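The structure appears right after this line, and notes come after that.
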Amino acid sequence: MKKLNTEEEKTFLEKFHMSVGGWGQIIPVQPDADLACSECYQAPQSAKALFCFSQYVASWVIGGDWKLLKTDFSNSFSADEEVVLRHLILGSEEGALDWRESYISHMSSHDEARYENGLRWASLIFHFLLFEGHGYILSFHKGKIKMLGLQDGFVYFYSPSSDIGSSELIMRECFGSPEVSPSWVVECFI
């Protein structure tokens with residue numbers, strides 16, 4: 001992922017009628033942004049169910065040209081948690097994470113790379129929920145922006161008014177088989 005400095009972040013978010021709030025959270029600039037919280041779910045406590053839950057949550061934002069990760073300023077990860085998150089965000093690159101910056105990932109059009117990137121985002125969601133961190137993931141797909149809010153073990157789905165209900169369908173499938181990965185995960189290993 002590429003780190004965006006504060007000016008790049010601001011310019012990028014303004015294109016989508018978004019800005020950074022006082023705590024570092026991503027907020028829609030009203031009334032221009034057609035984005036509302038449509039669903040909220042508490043993460044499961046079981047490790048396997050949380051793992052699969054994270055894959056389903058990731059599937060809601062897996063399509064798209066890019067993903068942007070922003071954390072707010074209320075995180076207090078332990079040193080070992082930060083090592084795990086740094087590896088997921090920066091990969092093999094050296095360096096410390098700057099929680100005041102945003103990180104962007106451009107999605108590949110190659111299927112194998114898309115699956116691998118999707119699994120990376122699912123792992124990132126898993127760890128944010130496990131560590132009860134605060135983060136936001138923006139995704140842009142087919143002219144629509146979606147946002148996940150991850151806070152204290154809860155997932156908040158933000159979508160345009162024309163897309164409300166899409167997260168409910170995914171979560172209904174997840175809760176129907178809470179310890180079974182979604183089809184896109186299974187397909188990437190076939």
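The values are calculated or read from the model by the stated rules, or taken from the named source; none is laboratory data. Here the structure is a predicted model, which is why all the values come from computation and not from measurement. Every residue, glycine among them, receives a Cβ derived from its backbone with ideal geometry; neighbour counts consider all protein chains shown.
Based on what the data block shows, is W23 modelled with pLDDT of 85 or more, closer than 28 Å to K144 by Cβ and surrounded by fewer than 13 Cβ atoms within 10 Å (Cβ to Cβ)? It would help to see each step written out before you state the result.
Details: modelled with pLDDT of 85 or more: yes; closer than 28 Å to K144 by Cβ: yes; surrounded by fewer than 13 Cβ atoms within 10 Å (Cβ to Cβ): yes.
Yes, satisfied.
Filtered by the rule that a residue be among the acidic types (D, E) and at pLDDT below 85, segment 147-183 gives D163, E168, E173, E179. Is it the case that S78 is among the hydroxyl-bearing types (S, T, Y), closer than 22 Å to A47 by Cα, touching a helix residue (DSSP H, G or I) at 6+ places or on another chain (Cβ under 9 Å) and modelled with pLDDT of 85 or more? No; evaluated as a whole, the condition is false for this residue.
Inside segment 56-77, can you point out the residues that are among the hydroxyl-bearing types (S, T, Y), in contact (Cβ under 8 Å) with a residue 12 or more places away in the chain and surrounded by fewer than 17 Cβ atoms within 10 Å (Cβ to Cβ)? I'd like the intermediate steps shown before the answer.
The initial filter retains those residues of segment 56-77 that are among the hydroxyl-bearing types (S, T, Y), namely 56, 59, 71, 74, 76.
Right, trim to in contact (Cβ under 8 Å) with a residue 12 or more places away in the chain and you get 56, 59, 71, 74.
Result: S74, single match.
The residue that is modelled with the lowest pLDDT, counting only those in segment 92-106 that are closer than 13 Å to R120 by Cβ and surrounded by 16 or more Cβ atoms within 10 Å (Cβ to Cβ), is S105.
Checked against (1) in a helix (DSSP H, G or I); (2) within 18 Å of S159 (Cβ to Cβ), F51 meets all criteria but (2).
On the basis of being assigned to a strand (DSSP E or B) and of a type in the set (A, V, I, L, M, F, W, C), does I145 make the cut? Let's see the steps before the verdict.
Working: assigned to a strand (DSSP E or B): yes; of a type in the set (A, V, I, L, M, F, W, C): yes.
In short, yes.
Mind telling me which of the residues K2, K10 ends up being of a type in the set (D, E, K, R) and either within 17 Å of the chain's Cα centre (by Cα) or farther than 22 Å from I89 by Cβ (or both)?
Working: K10 fails: either within 17 Å of the chain's Cα centre (by Cα) or farther than 22 Å from I89 by Cβ (or both).
Among K2, K10, only K2 is of a type in the set (D, E, K, R) and either within 17 Å of the chain's Cα centre (by Cα) or farther than 22 Å from I89 by Cβ (or both).
Reported count of residues in segment 1-15, each being modelled with pLDDT of 85 or more and either among the aromatic types (F, W, Y) or in a loop (DSSP other than H, G, I, E, B) (or both), is 3. Here I27 meets the list (1) free of Cβ contacts under 8 Å to residues at least 12 places away in the same chain; (2) β-branched (V, I, T); (3) in contact with a Phe, Trp or Tyr (Cβ under 9 Å, 6 or more places away or on another chain) almost entirely, failing just condition (3).
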